[in-house]
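> Take a look at this one; I'll ask things after.
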Amino acid sequence: MLRPPTLRLASLLLALAFVSTAALAADDPLALLDAGHFKRARALIEAREATSPDDPATLYLRSRLTLQLGDAKAALPLAERAAALAPRNAAYRYQVAGCVGSLAQHAGILKQLGLAKRFKREAEAALALDPRQIDAIEGLIQFYSQAPGIAGGSDKHAAALAETLVTLDAARGRLAQADLAFHDKQRARGEEALRQAVSADPKSYAAHLALARFCLGDDQKKWDEAEQQARAALAINPGRVGAWYVLAHLDAHLQRWDDLDRTLAEAERAVPDNLGPCYQAARTLLADDHEPARAERGFRKFMTQEPEPGGPTLAHAHWRLGLAIEKQGRRAEALQEVETALQLKPDLDDAKKDLKRLKRG
């Protein structure tokens, strides 16, 4: 494990890197979306809408944000308008495919087939505009690997596209190959592809993060390497939250309390508008049945600001806060938190089960 002096040096380097990263991305809504800073991007997109609401770039950005917020139905017409206004833009065309794909994931079986076929058409149209459109290639790899044959799925086509992606972006291509291997339950081949991704591009945040998460797996438990890979990701971009999640989980799981406090403080300085690492640490403590009072503090801290879209929700935080409170013997208060969770998200099935259990006494 890294020792305190090394950690202090790492913290200084991260602080310097964060200043540079923040300066580069602060006024770029697309970069913010790509980095997972949806709340920051929202403010910039709203400013663009006030002055150029019908600009295709504005429509595209709003569609991206709306899709991230979970409303594919509203995101689709925005993407369609952007693509119609800029018919040679491959990214705009692929955004249409992304919206259609999201709708397919939540549609009934009969609708799924038609939506899946449209996704394929739209993604292929994006590639026809730009054969190097990497998002479209990645989307088609997922489509071919997951869709049934009747809808056009093909493991052979997925593998071939992944090989093509390796020639365009070696790290992202290897990550795609890792996903295919894990989908086929070939863990060793997936691990090899992850390591190839890191070797192909040592400056790839996504590659280091993917390998770190793999090392956290129950079948791996490579704690030292998970930490090393997470810190390598942070050295590339401390302003993205994924690697902070890994460190928060590790410190909580290994009961390194001083390290955990330090990690959460550093994460909040680096990403002040995303307290997801506090939630992750609390969730890990709850799952491991350690320090329920500390877990309670983590969940309460997380709920002090609007969550980042796509991450843990307030409903999940209230539900798990209730479980942490229950472990401390405060059943009535726990019941209130679980009820609040279900008011926020009535379809949270696990919370429903806990509510019934708590009411039974």
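No lab work stands behind these numbers, since they all come straight from the coordinates. Note that the structure is predicted; figures quoted are calculated from it, not measured. Every residue, glycine as well, gets a Cβ built from its backbone with ideal geometry; the counts of neighbours run over all protein chains shown.
> So which residues in the stretch 163-194 are surrounded by fewer than 16 Cβ atoms within 10 Å (Cβ to Cβ) and of a type in the set (K, R)?
Residues satisfying the conditions are K185, R187, R189.
> Taking D201, is it of a type in the set (D, E), under 21 Å from G101 (Cβ atoms) and in contact (Cβ under 8 Å) with a residue 24 or more places away in the chain?
Numbers: of a type in the set (D, E): yes; under 21 Å from G101 (Cβ atoms): no; in contact (Cβ under 8 Å) with a residue 24 or more places away in the chain: yes.
Against the criterion (of a type in the set (D, E), under 21 Å from G101 (Cβ atoms) and in contact (Cβ under 8 Å) with a residue 24 or more places away in the chain), D201 does not qualify.
> Given the criterion among the aliphatic types (A, V, I, L, M) and within 25 Å of K120 (Cβ to Cβ), identify the matching residue among A159, A226, A188. Spell out how you get there, then give the answer.
Working: A226 fails: within 25 Å of K120 (Cβ to Cβ); A188 fails: within 25 Å of K120 (Cβ to Cβ).
Sole residue among the options that is among the aliphatic types (A, V, I, L, M) and within 25 Å of K120 (Cβ to Cβ): A159.
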